[in-house]
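Asks: I'd like to ask some things about the structure below.
The values are calculated or read from the model by the stated rules, or taken from the named source; none is laboratory data. Bear in mind that the values here come from a model prediction, so they are computed numbers and not experimental data. Neighbour counts are summed over all protein chains in view; Cβ atoms, including those assigned to glycine, are modelled from backbone coordinates with ideal geometry. Please note that ligands, DNA and RNA were not included when accessible areas were found on the heavy atoms of the full protein model with its side chains. Shrake-Rupley method; radii C 1.70, N 1.55, O 1.52, S 1.80 Å.
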Amino acid sequence: MSHHRPETLAHAPLGRESAYPEHYEAGLLYPIERAANRAPLGIEAGALPFVGEDEWHAFEVSWLNARGKPIVAVARFRLPADSPRLIESKSWKLYLNGFNQTSFASREEVVATLERDLAEAAGAAVSVELFGVDDEALMPRRLPGECIDDRDIAVDDYTPSAEHLRVGGQVVEETLHSHLLKSNCPVTGQPDWGSVLIRYRGPRLDRDGLLRYLIGYRQHQDFHEHCVEHIFMDLMARARPERLLVLARYVRRGGLDISPWRGTPGERPPLPLRLARQ
């Protein structure tokens, strides 16, 4: 499959050989405007049809304390979906690598530095938490609801098609999930593996059609965040649920995992939800 590099990444030092940063540099973060990817979905800036966050875990966070001793931690970041910009993951990794040989007086200084730099890049406040590597909060859990992956279906379409989404007349409230989500990185073309949870109240979704639809992302090239928004918008248009939550948990790559969620106002994801593949 050919790999197309989007215009929004034309000047990014990403997907190319990059010098390992010896010290902390805020300028390594590469923000990308969300609007360019939202416009084809009919999403207008300032009038988002959803609430949500992009939750990140960084498993390779380290710095030096005031006496030069290394400290290691796992970081959790939450970017609001209404921030004007997302942050490209490989630039985020390079940025975090810059902490490895940089001294900080305290964990509080590390958190304050991360919050400041990430907020500047994203254009909105970013929540930052640091955990010990054995913290119970990081232990894997299972997705709630019914897994639809064992359905015996034939598939010959590997691009997203909302035509697969069908509903019945019965109104239900249920939670479904699949571990067959796969899309491709728009920077490198490499596969991004993930699981997706759909919680809704509305006309009953046809499970065969829903699974075909989700498998349709298998050759789709886009950021994790925009894949989730694509799924949300298609479900709202085709199924017209009263309430909807779409949550994706993408597999860790380069020490980072990304778990975006989008929902109708008032929806929140079930927590904690870090999966074994993350």
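Asks: Looking at VAL172, VAL196, which is the one that is buried (at least 18 other Cβ atoms within 10 Å of the Cβ) and in contact (Cβ under 8 Å) with a residue 24 or more places away in the chain?
Replies: Unique residue meeting the criteria: VAL196.
Asks: Looking only at residues that are open to solvent by 40 Å² or more (accessible area, probe 1.4 Å) and in a loop (DSSP other than H, G, I, E, B) in region 69-92, which one is farthest from PHE223 (Cα to Cα)?
Replies: My answer is LYS69.
Asks: Pick from region 1-29 the residues that are touching a strand residue (DSSP E or B) at 6+ places or on another chain (Cβ under 9 Å), open to solvent by less than 60 Å² (accessible area, probe 1.4 Å) and more than 16 Å from HIS224 (Cα to Cα): which of them is modelled with the highest pLDDT?
Replies: LEU29
Asks: Counting just the residues of region 183-193 that are buried (at least 19 other Cβ atoms within 10 Å of the Cβ) and touching a Gly at 6+ places or on another chain (Cβ under 8 Å), which one comes out modelled with the lowest pLDDT?
Replies: Looking at the filtered set, the residue picked out is VAL187.
Asks: From GLU109, GLU60, which residue is on the phi < 0 side of the Ramachandran plot, open to solvent by 10 Å² or more (accessible area, probe 1.4 Å), among the charged types (D, E, K, R) and assigned to a strand (DSSP E or B)?
Replies: It is GLU60.
Asks: Let me ask something additional. State yes or no: is LEU210 closer than 27 Å to ALA45 by Cα, open to solvent by less than 10 Å² (accessible area, probe 1.4 Å) and not in a strand (DSSP E or B)?
Replies: no
Asks: Where the second residue is of a type in the set (Asp, Glu) and the first is more than 19 Å from GLY263 (Cα to Cα) and lies in region 199-216, which pairs have Cβ atoms under 6 Å and are six or more apart or on separate chains?
Replies: GLY216/ASP157
Asks: I've got another one for you. In region 124-156, which residues are open to solvent by less than 40 Å² (accessible area, probe 1.4 Å) and either of a type in the set (Ser, Thr, Tyr) or assigned to a loop (DSSP other than H, G, I, E, B) (or both)?
Replies: Matches in region 124-156: ALA124, VAL126, GLY132, LEU143, ILE148, ASP149, ILE153.
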